[in-house]
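For reference, the structure discussed in these notes is given below.
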Amino acid sequence: MSLLQRIDQDVKAALKSGDTLKRQTLGMVKAALSNYRIAQRKTELDDADVISVLTKEVKSRKDSAAEYTKAGARDRADKEEQEVALLNEYLPAQMSQQEIGTVVSAALQKTGAKGLKDMGKVMGVVSKELKGRADLKAVNELVKRLLGQPGA
């Protein structure tokens, strides 16, 4: 079963069970998927497309939760965090720091990166392999730290 089919089934199940949070969250995801499909001029979305959209939705909600927390709106931040937890169920398991480090090291060797000027090359290789399986912002920081070290 594709990820899109699973989301469709879960929306129906949430409607039947009265799970408002799940219904609303997945409804917004379906709208985002539809917008993505139209913007990309695709007739159908594959799992990679769905993961890409889900990743953006999770990031958006994490950012919103941080802003709500900063503004003192804890109830809204909690709702955003609940939505993040729900959406994470549809994303592939996140890689460990050790696994990420291995991928980054391999990319550094493959690209022959010597300094921060080579960061784009490394991130191009790494992001393809880690997309949806790791927080690319954290990966970016790791690459920057490794490239900033002498002899990296």
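The values are calculated or read from the model by the stated rules, or taken from the named source; none is laboratory data. Remember, predicted model here, so these are calculated numbers, not experimental data. No Cβ is skipped: glycine too gets one built from the backbone with ideal geometry, and neighbour counts run over all protein chains shown.
Observations, loosely collected:
- Residues of the stretch 28-55 classified as surrounded by fewer than 13 Cβ atoms within 10 Å (Cβ to Cβ) and within 17 Å of Glu89 (Cα to Cα), total: 1
- Entirely in the stretch 42-125, the helices (runs of 4 or more DSSP H) that have 2 or more residues that are modelled with pLDDT of 90 or more and among the charged types (D, E, K, R): 47-71, 74-88
- Some residue of the stretch 140-148 being outside any helix (DSSP H, G or I), more than 26 Å from Lys22 (Cβ to Cβ) and not hydroxyl-bearing (Ser, Thr, Tyr): no
- Residues (surrounded by 12 or more Cβ atoms within 10 Å (Cβ to Cβ), free of Cβ contacts under 8 Å to residues at least 60 places away in the same chain and part of a helix (DSSP H, G or I)) located in the stretch 13-25: Ala13, Ala14, Leu15, Arg23, Gln24
- For Ala66: the one exception among (1) loosely packed, with under 15 Cβ neighbours inside 10 Å; (2) in the same structural domain as Glu141 (by TED's automatic domain parsing): (2)
- For Leu108, the criteria (1) outside the structural domain of Ala48 (by TED's automatic domain parsing); (2) under 16 Å from the mean Cα position of the chain (by Cα) hold in every case but one, which is (2).
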